Structure formats: C-alpha cells, structure tokens
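**Q** Provided herewith is a single structure, encoded as structure tokens, for subsequent inquiry.
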Amino acid sequence: MAYGALALIPPAVVIVLAIKQRTSFEPLLIGCLVGYAIIGYHDHTNVFTDFVNSFEGVMGKSDSVWVILVCGLYGSLIGLMVRSGGTFKFGEWALTRLKTEKSALMGAWWLGLFIFLDDYLSALTVGLSMRKITDAFKIPREKLAYIVNTTAPPWCVIVPISTWTIFIGNILETSHVAAHGRGLATYWKMIPYVAYGYISVLIIPLFIYGILPWFGRMKRADIRAKETGRLTESDFSDTATLDITPMNPAKPSKVIYFLLPIVVLLAATIFFDIDALKGVMIAVAFTFIYYMIIKLGTFRQLSETMFGGFNSMVYALAILMMSYVLKDVNDKMGLTQYVLHAASPYLNKEFLPVIVFVSLSLISVTTGSSWGLYAIAIPLVVPLAQHFESNVLLNCGAVISAGVFGANACLYSDATVLTTQSTECNNLDHGLSQLPYALIAFGLSAGMYVLLGFTIH
C-alpha cells in the first residue's frame with residue numbers, strides 16, 4: 001500500500017507499449033524495469049539487482065518449471081502429430097463433413113468444449129487442428145483465435161473437472177471456505193456464480209449464426225479475408241516455427257495418427273488426477289514409441305521433431321515468464337490490495353460482488369494473471385464478504401470470473417499467447433479484435449452480479 005497509485009504505472013506502460021509496438025515481450029520487459037525503478041527509488045535499492053533477483057525467483061518457482069515443462073511438451077506432442085501427417089488428415093476428414101463457414105466455426109466451438117481438461121491443451125489443440133479447416137473457408141485467423149481463446153479458460157471454470165477447478169478448489173480449502181478434502185465439491189456449488197465463464201462461451205454461437213452481428217476489427221478482418229484472401233492482418237512473428245514436412249512421405253497419413261495421441265493425453269491426464277504434466281509426459285512417450293513402431297519416422301527424426309516442437313514454444317514461454325516477473329513487481333507494489341482498498345468506500349452487501357468483479361478484472365487485465373490473482377484475492381475477499389454478510393461463494397465466483405476475463409482480454413496473458421501460437425495469428429491482431437467481444441461478456445457479467453447481489457443471500 002506504500003506505493004499507492006504508483007502501482008498502476010508498470011502495467012499501464014506495458015499496455016501502451018504493446019499496442020504501439022505491436023509486440024509483447026519488449027513491453028513486458030520495459031514495464032518490469034519501470035516497476036523496479038519505482039521500487040528502487042522508493043526503497044533505495046539497486047534496480048538491476050532487484051530485476052535479476054525477481055527473474056531468478058520466478059524461474060526457480062515450481063509453478064514456473066511446471067508451466068515450462070507442460071507448454072514445451074505440448075509443443076513436442078504437437079510437433080510429432082503434425083509431422084505424422086495425422087493433423088492435416090484430420091483437417092481433410094473434417095472438411096468433408098463441415099460444408100459451410102458457420103459449420104467450421106461451430107466445429108471449432110464444439111472441439112473447444114470437448115477438450116475441457118486444461119486451457120493450454122485446449123488452446124493449442126483446437127487452434128492447430130482447426131486452422132486448416134477455417135482457412136479453407138477464408139475465415140480470418142482473428143475469428144478462429146477468438147473462438148479458441150474464449151473456449152479455453154472460460155470453459156475450464158464451468159466444467160466440473162479441470163486443472164482450473166482443482167487449483168481453485170485447493171485455494172477454497174486453504175481459505176477455509178471449504179472443509180479439508182471438500183474443495184472441489186464446494187467449487188461445484190460455485191459454478192452458477194461464475195457468470196463470465198458461461199456468458200462468454202454461450203454468446204459465441206450467437207455471433208456465428210448472425211443473431212448478433214460481427215463488428216469492429218473482427219468484421220474488417222472478415223471483409224479483408226473475403227476480398228483479398230489474406231487471412232491475417234500482420235505477419236505471425238515467432239523465433240521458431242514447427243517443421244510441418246512429413247517424416248515418412250511414403251507412409252499414407254491417417255486420422256488415427258492425430259486422434260490416438262489426443263485420446264491418450266486425455267486419458268492419462270484424467271488417470272493422474274487431472275495432472276497436465278504427467279498426462280502430457282505419458283502422451284509424448286506413447287506417441288514417440290507408437291510412431292516408431294509403425295515406422296512413421298526414424299528414432300532420430302522423432303527425437304529431432306520432439307525437441308523442435310519444444311523449441312517452437314520458447315518465444316511463448318519467454319513472454320509468459322516475463323509476465324510472471326511483472327506479476328512479482330505488482331505484488332511487491334501491492335496492486336491488488338491498492339485496488340481493493342480504493343474500492344472499499346463504495347462497498348456494501350448488495351454491490352460487493354460486482355465491485356469485486358470489476359476491480360479484480362482491472363488487475364487481471366493489467367497483470368495477465370489469473371491463477372496468481374486467485375491465490376492472492378480469494379483469501380482477501382472471503383473475510384470481506386463475511387464482514388458485509390454477503391454470500392461468500394457468490395463473491396468467490398466473481399473473483400473467478402475476473403481472472404477468466406483477464407485471460408481473455410489481456411494482450412499478453414498465457415491464454416492469448418498460446419492461442420496466437422496455435423492459430424498463427426499476430427498477438428496484437430488477436431488481442432485487439434477480441435477485446436470488444438470480451439467486453440460485451442464483461443458488461444453482461446457485471447449486470448448479472450448486480451442482480452445476484454440483490455437476490456442471493
């Protein structure tokens with residue numbers, strides 16, 4: 001709290017530079033340095049030393065190691081599936097059944113709902129597998145990216161079992177909202193209150209079928225794609241791209257080469273109590289051995305493809321790690337506490353849920369943090385709700401909605417970064433074209449929390 005409104009400066013710098021420079025990593029780096037410059041001036045510490053210590057701390061955390069391994073191994077699995085030819089064969093198979101633009105978009109929506117265990121898995125798999133299909137109908141990548149992103153984190157918080165629900169269930173236990181071992185069961189009772197999750201997912205078909213009209217950058221992208229054939233506004237920039245050439249051109253491609261690894265991935269993840277890391281490790285090992293047995297590639301080809309796939313995720317991971325450093329800066333400057341404290345004069349029982357949702361959405365959008373926000377905010381919001389005698393689960397649902405909105409609306413959130421990776425859509429093109437649609441769901445959710453605040457006790 002000692003930094004007050006100064007805590008808003010680092011994320012503001014990141015957002016302004018990201019929009020101006022149309023990139024993500026450099027603005028994040030500069031925003032972090034600005035934050036530590038403020039801390040250094042205030043606390044009389046060395047800026048560079050503070051930054052290095054923060055970066056080392058972030059990289060040394062088990063959560064960061066988990067993210068690096070999971071994302072990298074997903075990249076390995078995707079690389080193997082692409083070079084098997086199975087991914088593109090799946091696209092050809094789907095094209096024989098999806099005859100129109102609307103059916104292709106709905107296919108992406110349904111596939112996003114089917115892959116519900118983890119948002120990383122959903123964002124990477126749906127974007128990769130549907131890209132060829134939507135390209136065939138001259139659907140702009142911005143539109144595909146919107147569907148992929150909005151059926152990843154939002155859907156993961158409204159299904160009974162996912163990496164998100166398990167993580168939040170644990171926080172509910174440590175915050176004494178749920179009894180020991182009852183975190184997930186308590187979360188299930190909270191699902192009706194996660195308004196942004198189901199509103200953002202359910203409005204997608206309304207746009208696909210024309211009940212609600214496409215507008216803004218998304219509409220302009222549609223016109224561009226139809227009139228010029230250009231599916232992207234800007235070039236997709238990455239430091240490493242996947243090798244898509246078949247490992248064994250003499251071997252006919254089959255859909256099973258794509259579907260079987262996905263089935264193994266889902267089954268292994270479920271078997272190991274929704275542990276995404278163990279699930280993807282099993283899936284990569286199975287796929288490697290399976291492809292080698294059926295002679296899709298040599299041992300060396302498979303090994304090189306596996307590491308190449310991991311390498312294709314390095315740029316996305318660099319952005320994620322720098323966003324974690326930004327979160328560390330924000331935590332040191334007390335951004336969450338400042339925003340809640342600034343909103344406290346306007347708090348009362350009825351309006352507490354919507355104020356929690358709106359104020360924490362601001363934090364989530366500016367920091368790109370969802371899970372980190374939950375870990376910090378839920379223990380703060382629970383006693384606040386109890387003090388005002390407001391429904392605790394309703395207010396926790398507002399916190400969850402805020403984090404999911406940030407995952408969709410932040411230009412450098414992990415969901416946005418991984419979506420642009422799988423759809424090969426420029427990060428800023430996707431983020432800015434999707435933002436108005438996320439804001440519609442945000443506005444409807446805010447109205448829902450006002451209604452729930454007056455009716456749920």
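**Q** Considering the convex hull of the alpha carbon atoms of region 186-230, report its projected area averaged over all viewing directions, in nm², one decimal.
**A** 4.4 nm²
**Q** Ok, one more. Would you mind checking Lys132/Lys295; Lys89/Lys138; Lys132/Lys327 for any pair whose Cα atoms are more than 28 angstrom apart? Don't skip to the end; give the middle numbers.
**A** On the way: Lys132/Lys295 26 Å; Lys89/Lys138 19 Å; Lys132/Lys327 36 Å.
Table pairs above 28 Å Cα-Cα are Lys132/Lys327.
**Q** If you count only protein heavy atoms with a 1.4 Å probe, what accessible area per residue comes out for region 281-379, rounded to a whole Å²?
**A** Values: 3840 Å² over 99 residues.
Roughly 39 Å² per residue, with all protein chains present.
**Q** Where does helix 62-84 land angle-wise versus the long Cα axis of the chain, in degrees 0 to 90, nearest 10?
**A** 20 degrees
**Q** When all protein chains stay in place, what accessible area (Å², nearest 10, 1.4 Å probe) is found for Trp110?
**A** Taking all protein chains as shown, Trp110 has close to 150 Å².
**Q** Based on Cα positions only, what radius of gyration and what Dmax would you give for region 266-404, in angstroms?
**A** 21.6, 68
**Q** In region 108-267, with Lys and Arg counted as +1 and Asp and Glu as -1 at Cβ, which of these residues, Met247, Trp164, Leu206, has the Cα nearest the positive end of the dipole, that is, farthest along it?
**A** Leu206
**Q** Relative contact order of the chain: what whole-number percent is it, with Cα pairs under 8 angstrom and at least 6 residues apart? Could you put the intermediate results ahead of the total?
**A** Working: 728 pairs, mean separation 117.9, N = 457.
26 percent.
**Q** Right, here's the next one. Label-point separation (nm) for His176 and Arg230, each offset 7 Å from Cα along Cα-to-Cβ?
**A** 5.9 nm
**Q** Would you report the distance distribution of C-alpha pairs in region 243-339 as whole percents per 10 angstrom bin, up to the bin with the largest distance?
**A** Final binned percentages: 13, 31, 27, 16, 9, 4, 0.
**Q** Taking only Cα atoms, what is the 0 to 90° angle, nearest 10, from helix 427-455's long axis to the longest principal axis of the chain?
**A** Tilt of helix 427-455: around 50 degrees.
**Q** So what are region 159-241's ellipsoid semi-axes, whole angstrom, largest first, if each one is the square root of 5 times an eigenvalue of the alpha-carbon gyration tensor?
**A** On the way: eigenvalues 326, 73, 15 Å².
Largest first, region 159-241 gives 40, 19, 9 Å.
**Q** Could you work out [θ]222 nm for the chain from helices alone, using -39500 (n - 2.57) per DSSP H run of at least four and dividing by all its residues? Round to the nearest 500 deg cm²/dmol.
**A** On the way: 24 runs with 337 residues, N = 457.
The helix contribution divided over the chain gives -24000 deg cm²/dmol.
**Q** Still on this structure, I have one more. Largest first, what is the accessible-area ranking of Asp63, Asp414 with a 1.4 Å probe?
**A** Details: Asp63 110, Asp414 30 Å².
Heavy-atom accessible area, descending, gives Asp63, Asp414.
**Q** Assuming a viscosity of 1.002 mPa s and a temperature of 20 °C, what translational diffusion coefficient in µm² per second does Stokes-Einstein assign to region 361-451, Rh being the Kirkwood radius over Cα pairs?
**A** Using the Kirkwood radius from Cα pairs, D works out to 155 µm²/s.
**Q** Is there a quick way to get the dipole size of the chain? I mean about its Cα centre, with the Cβ of Lys and Arg at +1 and of Asp and Glu at -1; what is the value in debye to the nearest 20? Walk me through the intermediate numbers first.
**A** Working: 29 positive and 28 negative charges, 291 e Å.
Dipole size: approximately 1400 debye.
**Q** Here is a further query. Which one, Pro383, Gly40, Gly72, is farthest towards the positive end of the dipole of the chain when Lys and Arg carry +1 and Asp and Glu -1 on their Cβ?
**A** Gly72
**Q** Could you point to the residue in Ser422, Val450, Gly279 farthest towards the positive end of the chain's charge dipole, with +1 and -1 charges on the Cβ of Lys/Arg and Asp/Glu respectively?
**A** Selected residue: Ser422.
**Q** Still on this model: Given 10 °C and 1.306 mPa s, compute D for region 75-233 with the Stokes-Einstein relation, Rh being the Kirkwood radius over Cα pairs; round to the nearest whole µm²/s. Please list the in-between numbers first.
**A** Details: Rh = 17.1 Å.
It diffuses with D of about 93 µm²/s by this estimate.
**Q** Then there is this: Can you check what the Kirkwood hydrodynamic radius comes to for region 282-359, Cα pairs only, in Å to one decimal?
**A** Details: mean 1/r = 0.0587 Å⁻¹.
Computed over Cα pairs of region 282-359, the Kirkwood hydrodynamic radius comes out at 17.0 Å.
**Q** Additional query: Please list the three semi-axes, largest first and in whole Å, of the ellipsoid equivalent to region 47-143, using sqrt of 5 times the eigenvalues of its alpha carbon gyration tensor. Write out the running numbers ahead of the final one.
**A** Working: eigenvalues 253, 43, 28 Å².
Listed largest to smallest, the semi-axes of region 47-143 are 36, 15, 12 Å.
**Q** Roughly how large, in nm² to one decimal, is the mean projection of the convex hull of the alpha-carbon atoms in region 186-301? Let's see the in-between values first.
**A** Numbers: hull surface 50.4 nm².
Approximately 12.6 nm², given one-decimal rounding.
**Q** Over region 129-190, what lengths in whole Å, largest first, do the semi-axes of the equivalent ellipsoid take, defined as the square roots of 5 times the eigenvalues of the alpha-carbon gyration tensor?
**A** On the way: eigenvalues 267, 14, 11 Å².
In descending order the semi-axes read 37, 8, 8 Å.
**Q** What ranking of Ile376, Ile211, Ile270 comes out by heavy-atom accessible area, probe 1.4 Å, highest first?
**A** Sorted by accessible area, descending: Ile211, Ile270, Ile376.
**Q** Compactness ratio of the chain: Cα Rg over 2.2 N^0.38 Å, N = residue count?
**A** Values: Rg = 21.9 Å, N = 457, 2.2 N^0.38 = 22.6 Å.
Compactness ratio reported: 0.97.
**Q** Now, a different point. For the chain, what % of the accessible area comes from carbon and sulfur atoms, probe 1.4 Å? Can you show the working numbers first?
**A** On the way: 12250 of 18190 Å².
Of all accessible area on the chain, carbon and sulfur atoms account for 67 percent.
**Q** Provide, for q = 0.15, 0.28, 0.29 Å⁻¹, the log10 of I(q)/I(0) from a solvent-free Debye sum over equal Cα point scatterers in region 5-66.
**A** -0.52, -1.07, -1.08
**Q** OK, next. Could you put Leu28, Leu202 in order of accessible surface area, largest first, with the 1.4 Å probe and the full protein assembly present? List each step's numbers first, then the result.
**A** Working: Leu28 0, Leu202 105 Å².
Largest accessible area first, the list is Leu202, Leu28.
The values are calculated or read from the model by the stated rules, or taken from the named source; none is laboratory data. Everything numeric here is computed off the predicted structure, so don't read it as measured data. Here Cβ is always computed from backbone atoms with ideal geometry, including for glycine, and neighbour counts include all displayed protein chains. The accessibility values were calculated without ligands, DNA or RNA, using every heavy atom of the protein model including side chains. Shrake-Rupley method; radii C 1.70, N 1.55, O 1.52, S 1.80 Å.
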